[in-house]
Amino acid sequence: MPGTGATLLVDAQCTLGEGATWCERSGRFYWTDIEGARLWRYDPRDGHSTSWAMPERLATFALCADPNYLLLGLATHLAFFDLATGETERIVDVEPDMNTRVNDGRCDRQGRFVFGTKDEGSPLRAVGGFYRLNRDLSLERLPLPAPAISNSIAFSPDGATMYYCDSPTREIRACDYGADGSIANDRVFTTLTDATGEPDGSTVDRDGGLWNAQWGGARVVRYGPDGHETARVAVPTVQPSCVALGGPELGTLYITSARVDLDAAALAGDPHAGGVFAAVPGPRGLPEALFQGAPLPHKAGE
């Protein structure tokens, strides 16, 4: 199997970097520091990074059809974010009566936002859920097994397969995903076989390969549509967390990472933990699907 290595791109020192997202319209890379409650943006044309403070932990987000907005998956609720003003507009609370928070998410090919939650208790329990924010801003729970830590949400190029996982199980699952939002044939897609590492964030390339960041494994692994490993990227940090294919020809693999739970000794040997890394593994990506819902119109006088 071909292999390659990633190199440091932005030494962001994020506590929990996540949400790797390439914006093809602007030519910029976005990500979040969940525990730092900051949204980050990097422009590869000049190497400049910008960040915004969030009102609470930002777990995931999506680009919107309206380029002036992002859809935010904050710890307790979903909201629109105005990139020009920095203002947020609450859409809906998520699991308000549970000790959980929003975690991983991606838009499906129809422009609806699919995301999951994670347990905030100890020990971890599989009590969360997977949800879809529809274009009319209605929220529905998907008929998928409750996760302890939802991750790896991604969609095949034709949108007919959804990938997801509950990280502690070390399995990535797949299900048939209808254009009408129906879900069927839930199944195991692949199981991690390395001694260390759990599946975290994923993206899909234009050939249908699933690229998965493997937390605790210092690697990103590509699986073909049949679930078999076809390539891997060594990452010089132990906790890679999410991936996106971007750059001018969607051929650069951007990889976020985390410092959380690493003690002083571990950080001494992993000084760039929490940074963004990049590699050029060969396959090309797909443009990020956009959320097709629109912010609610403001009433006169607001």
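Derivation of every value follows stated rules applied to the coordinates shown; laboratory data play no part. Here the structure is a predicted model, which means the values were calculated and not measured. Here the Cβ positions follow ideal geometry from the backbone for every residue, glycine too, while neighbour counts run over all protein chains shown.
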Mind jotting down the distance between the C-alpha centroids of region 73-146 and region 1-62, whole Å?
19 Å
Treating the Cα atoms of the chain as identical point scatterers in vacuum, please give the log10 of the normalised Debye intensity I(q)/I(0) at q = 0.09 Å⁻¹, two decimals.
-0.38
Considering only DSSP beta bridges where both residues belong to the chain, give the percentage that are antiparallel (nearest 5).
95 percent
Out of 167, 202, 246, whose Cα points farthest toward the positive end of the dipole of the chain (charges: +1 Lys, Arg; -1 Asp, Glu; placed on Cβ)?
246
Separation of the residue 66 and residue 140 label points, Cα + 7 Å toward Cβ, nm:
2.4 nm
Test of understanding: ordering 221, 243 by Cβ neighbours within 10 Å, fewest first, what list do you get?
221, 243
For 46, 270, order by how many other beta-carbon atoms lie within 10 Å, fewest first
46, 270
If every Lys and Arg gets +1 and every Asp and Glu gets -1 at its Cβ, then about the Cα centre the chain yields a dipole, in debye to the nearest 20, of 320 debye
